[in-house]
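Here's the structure, in structure tokens; my notes come after.
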Amino acid sequence: MKDLLLIFPSPGGGNYINTFPPLGILYLASFLEKEGFSVDVVDCAADPFSARQAAGYKTVGVSLNISNVESGTALLNEINRLYPAVELVVGGPLPTVSPEVFFPLPLKAIFVSEAEESLLAYLRYPGEADNKGYYFRDGSGRWRFNGKRPYIKDLDKLPFPALNKLDIGKYYTPVRRSAPVSALISSRGCPFECGFCCHVLGEEYRARSAENVVDEIEWQVKEIGTREIALYDDNFTLDRGRVMEICLRLLHRKIKVSLQLTNGVRADTLDEELLRTMKSAGVWMIALAPESGSGATLARIHKRFAAREVEKGLSLCRRLGINTWVFFILGFPWEKEADFAATVKAACSTDADMVHFSRFVPLPGTPLYALSCPGIPSQGMRDADLFSASGRSALTARAYRSVYLRHPLRLLRLLRICPFLDIFRLILHAFKTRNVF
């Protein structure tokens, strides 16, 4: 019998065109294998999976977030029905911020935040009542929690994520220069206070050393076959000196790889020397997140930077030949038509190559969640057409039409970034999800 099967369920709704390796469970797999446990990994977004494949494992762990919780919960119940002796555990962003949601499920443990050391303790000392970092059932069947485990300070001690357990050729993003595309995260934690974001990995910024990051990039290129890497840090450019060292080490080792920062960076951390060095090291795409064109909304979500910083960053990138992507969020619960119009105006006037709109989703554990929950009175929620799910979908469609269909030259800019067939796939995806038409 094998020790552990880790599963990342498929996101629901068919609204996702980008797929990247699930780094969370891949870190768990490599860490636990280093400690002597046998671990298999399944990413349901890349490979079909049936609950019957859980046979022969002592423990099955499922990583859950807001997009895959429905499919993940159904999978857990089906595994329990078929194999009631298998120990089921969950972790990930949603169990971290809302563990009580999962109390009714047939689970042995609910892990919070980063789980490398917590899951190791659970597997190695299953009956130890003093273990921290996860919820467990006591002798009476009640859930207990002994507190959080301290965050891992030295991230360099973690082995590289077990990308060798997956076929990275199955992952896809239309925004790429090369293929196959993989992912990397070089730091954990975020010290900023954006109201729509939850600090699943803590508020303290913890970064891997430049040497360790470059070692992984080289390993991915030579051993995994990666040709492009998406850097998924929340704040990759927060430590300017570290970024410069990473880039210079890549250049010194002559590692040929395309790099994109599609998770967004803060515009106020960029300058010409840094961007020039990043481009030389392989960075071809940078995403910035102005989030809104409404000053009132920016103040309420605590996005603490000036709009001119974003435009300055975009201008520098364009001058240096780095492609750019900007993110906006629509449908905050207090917003009116004027706020929406201000955001669309900002998106239309931006100098970015691509514009992406997201519908506001109230995430548990965030300051905006209580405001957005049904039944909680708030002044902003009176505007039901803007706040409702259908209203937010309509807003997104209107915004995309304004940015792309009314400004067709922006579509031509996409041809410099995405292959023609990928643009065709994007259009088909837009029809399917009704995001634009």
For Val214, are the conditions met, namely being crowded, with 17+ Cβ neighbours inside 10 Å and part of a helix (DSSP H, G or I)? yes
Would you mention how many residues in the range 331-352 are in contact (Cβ under 8 Å) with a residue 60 or more places away in the chain and within 17 Å of Arg406 (Cβ to Cβ)? 2
Report whether or not Ser98 is on the phi > 0 side of the Ramachandran plot, buried (at least 17 other Cβ atoms within 10 Å of the Cβ) and of a type outside the set (Asp, Glu). no
Counted residues, the range 100-134 - those being polar (S, T, N, Q) and either at pLDDT 95 or above or touching a Leu at 6+ places or on another chain (Cβ under 8 Å) (or both): 2
Leading residue by the ranking (nearest to Arg81 (Cα to Cα)) among those in the range 101-126 that are surrounded by fewer than 17 Cβ atoms within 10 Å (Cβ to Cβ) and of a type in the set (A, V, I, L, M, F, W, C): Leu105
Pull up the range 136-149, narrow it to residues that are over 28 Å from the mean Cα position of the chain (by Cα) and not in a loop (DSSP other than H, G, I, E, B), then point me to the one that is surrounded by the fewest Cβ atoms within 10 Å (Cβ to Cβ). Arg144
Residues satisfying the stated conditions in the range 150-202, i.e. small (Gly, Ala, Ser), part of a loop (DSSP other than H, G, I, E, B) and touching a residue at least 60 places away in the same chain (Cβ under 8 Å): Ala162, Ser178, Ser186, Gly195, Gly202
Number of the condition not met by Ala45 [criteria: (1) small (Gly, Ala, Ser); (2) at pLDDT below 95; (3) in contact with a helix residue (DSSP H, G or I) (Cβ under 6 Å, 6 or more places away or on another chain)]: (3)
Check off (1) closer than 22 Å to Leu105 by Cα; (2) over 15 Å from the mean Cα position of the chain (by Cα) for Phe8 and give me the number that stays unchecked. (2)
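Here's the yes/no breakdown for (1) surrounded by fewer than 18 Cβ atoms within 10 Å (Cβ to Cβ); (2) closer than 29 Å to Gly282 by Cα; (3) in the same structural domain as Ala370 (by TED's automatic domain parsing):
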site: Glu128; (1), (2), (3): yes, no, no
site: Tyr134; (1), (2), (3): no, no, no
site: Lys153; (1), (2), (3): yes, yes, no
site: Ala162; (1), (2), (3): no, yes, no
site: Lys165; (1), (2), (3): no, yes, no
site: Leu184; (1), (2), (3): no, yes, yes
site: Ser187; (1), (2), (3): no, yes, yes
site: Leu201; (1), (2), (3): no, yes, yes
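Restricting attention to the range 181-214, which residues are of a type outside the set (Gly, Ala, Ser) and farther than 20 Å from Thr237 by Cβ? Spell out the reasoning first.
Residues of the range 181-214 that are of a type outside the set (Gly, Ala, Ser), as a first pass: 181, 184-185, 188, 190-194, 196-201, 203-206, 208, 211-214.
Within the range 181-214, Val181, Phe196, Cys198, Val200 qualify.
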State the number of residues belonging to the range 31-64 that are surrounded by 20 or more Cβ atoms within 10 Å (Cβ to Cβ), out of contact with any strand residue (DSSP E or B) (no Cβ under 8 Å at 6 or more places or on another chain) and part of a loop (DSSP other than H, G, I, E, B). 1
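Looking at Gly365, Gly375, which one is closer than 28 Å to Pro333 by Cβ, modelled with pLDDT under 80, within 22 Å of the chain's Cα centre (by Cα) and not in a helix (DSSP H, G or I)?
Numbers: Gly375 fails: within 22 Å of the chain's Cα centre (by Cα).
None of the others qualify; the one that does is Gly365.
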Restricting the search to the range 262-272, which residues are charged (D, E, K, R) and crowded, with 17+ Cβ neighbours inside 10 Å? Arg266
Any residue that is of a type in the set (Lys, Arg), at pLDDT below 90 and over 30 Å from Phe332 (Cβ atoms) - is there at least one of those in the range 203-212? no
The residue from Ala394, Ala352, Ala370, Ala384 that alone is over 24 Å from the mean Cα position of the chain (by Cα), assigned by TED's automatic domain parsing to the domain that holds His302 and at pLDDT 60 or above is Ala394
Taking the range 86-109 and keeping only residues that are closer than 14 Å to Ser63 by Cα and not in a helix (DSSP H, G or I), one is left with Leu88, Val89, Val90, Gly91, Gly92, Ser98, Leu107, Ala109
So which pairs qualify, if the first residue must be in the range 22-39 and over 25 Å from Asp233 (Cβ atoms), the second must be basic (Lys, Arg) and crowded, with 22+ Cβ neighbours inside 10 Å, the Cβ gap must be under 8 Å, and the two must be at least 6 apart or on different chains? none
Single match in Asp239, Asp234 (criterion: among the acidic types (Asp, Glu) and under 17 Å from the mean Cα position of the chain (by Cα)): Asp234
In the range 314-343, how many are closer than 17 Å to Leu261 by Cα, touching a strand residue (DSSP E or B) at 6+ places or on another chain (Cβ under 6 Å) and small (Gly, Ala, Ser)? 0
Sort out which residues of the range 408-422 are surrounded by 13 or more Cβ atoms within 10 Å (Cβ to Cβ) and either under 18 Å from Val326 (Cβ atoms) or at pLDDT 75 or above (or both), and write them in order of number. Arg410, Leu411, Arg413, Leu414, Ile417, Cys418
In the range 135-170, the residues that are modelled with pLDDT under 95 and among the aliphatic types (A, V, I, L, M): Ile168
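Residues checked against (1) of a type in the set (Gly, Ala, Ser); (2) surrounded by fewer than 20 Cβ atoms within 10 Å (Cβ to Cβ); (3) at pLDDT 95 or above:
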site: Tyr232; (1), (2), (3): no, yes, no
site: Val243; (1), (2), (3): no, no, yes
site: Cys247; (1), (2), (3): no, no, yes
site: Arg253; (1), (2), (3): no, yes, yes
site: Gln260; (1), (2), (3): no, no, yes
site: Leu274; (1), (2), (3): no, yes, yes
site: Lys279; (1), (2), (3): no, yes, yes
site: Ile286; (1), (2), (3): no, no, yes
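The values are calculated or read from the model by the stated rules, or taken from the named source; none is laboratory data. Everything numeric here is computed off the predicted structure, so don't read it as measured data. FYI the Cβ positions are ideal-geometry reconstructions off the backbone, even for glycines, and counts take in every protein chain you see.
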